[in-house]
Amino acid sequence: MSDSKSRFAGGPLKTFGRRGGRPLSGRQRVLMDELLPNLRVPVDEPGALDPATLFTDADQVWLEIGFGGGEHVSGQAKANPQTGILASEVFFEGIAKLLGQIEDEGISNVRVWPEDARVMVDGLADDSIDRAFILFPDPWPKARHQKRRIIQPDFLDALARIIKPGGRLRFATDVRSYADEALERFLNHPAFGWTAQAANDWRLAPADHIETRYQMKKLGDIEPVYYDFIISAQS
Ligand SMILES: C[S@@+](CC[C@H](N)C(=O)[O-])C[C@H]1O[C@@H](n2cnc3c(N)ncnc32)[C@H](O)[C@@H]1O
């Protein structure tokens, strides 16, 4: 199944605003037409894909949802060459930007899912991901839009299914209402254990965090918060 529209027809609400922006440059169109098909995550039946099979030399598989311009994905891929990264984004310009970084920097440990991340998550096998990142997701600040936020109880169920026991998830935002709502949802879920021991554990950027151009715009209403969770076995 490759089209998120068919998967979610009449289903969950869209969590993103737009897929198209400025027209892609000639090089970006070539990257989308020629490089993307080689890197596309082969999502098929629900629960069927073991992503370790996509990375012959990797000892871990990580996942990033909504990578924007891709700076965090490419930075983590370079810092962790033994890790395979599944990277998901729906915004064409962002996808093309990541493809440009992959080509320019010779990155070989990233695969791309250019559709709704929730479809890819559904397609992954149980306990197949070591670490997931959801960084500065679309905040949908207006109250009537908040149901579009990607951190929903059923999506946490889906993430808990694919992340290995002992695996980790990092969530970050600079929007107060989202920070509060997401933390409550994670803490109410039996699989997510918050690792913070002291305020600086969530107030300060973790040592391995990589800032993106989006984060640097500081569009939110608070300083960023970083919530790291450890996933426990599901009964
Ligand atoms: C506010 S941006 C942040 C981008 C990036 N994480 C960063 O920190 O720079 C959130 C991104 O998530 C993407 N997004 C939203 N819902 C998504 C979904 N269901 N699947 C994949 N990407 C999604 C949007 O297209 C947008 O580019």
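The values are calculated or read from the model by the stated rules, or taken from the named source; none is laboratory data. Here the structure is a predicted model, which is why all the values come from computation and not from measurement. Glycine also receives a Cβ, built like all others from the backbone with ideal geometry; neighbour counts cover every protein chain displayed.
Annotations
- When Ser232, Ser128 are checked against the criterion of being of a type in the set (Ser, Thr, Tyr) and within 19 Å of the chain's Cα centre (by Cα), a single residue qualifies: Ser128.
- Residue under evaluation Met216, criteria (1) more than 19 Å from Ile129 (Cβ to Cβ); (2) away from the ligand (no atom under 14 Å from the Cβ), criterion not met: (2)
- In the condition set (1) over 16 Å from His72 (Cβ atoms); (2) not in a strand (DSSP E or B), Asp138 is compliant with all but (1).
- Residues of the range 159-186 classified as over 17 Å from the mean Cα position of the chain (by Cα) and among the polar types (S, T, N, Q), total: 1
Yes or no, residue by residue, for (1) away from the ligand (no atom under 16 Å from the Cβ); (2) surrounded by 12 or more Cβ atoms within 10 Å (Cβ to Cβ); (3) at pLDDT below 95:
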site: Asp33; (1), (2), (3): yes, no, no
site: Leu49; (1), (2), (3): yes, yes, no
site: Val61; (1), (2), (3): yes, yes, no
site: Val73; (1), (2), (3): no, yes, no
site: Gln76; (1), (2), (3): no, yes, no
site: Ile85; (1), (2), (3): no, yes, no
site: Ser88; (1), (2), (3): no, yes, no
site: Glu93; (1), (2), (3): no, yes, no
site: Gly100; (1), (2), (3): no, yes, no
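- Test: residue in the range 149-158 that is crowded, with 18+ Cβ neighbours inside 10 Å, assigned to a helix (DSSP H, G or I) and within 13 Å of the ligand (Cβ to nearest atom): yes
- Check on Lys142, surrounded by fewer than 18 Cβ atoms within 10 Å (Cβ to Cβ) and modelled with pLDDT under 95: yes
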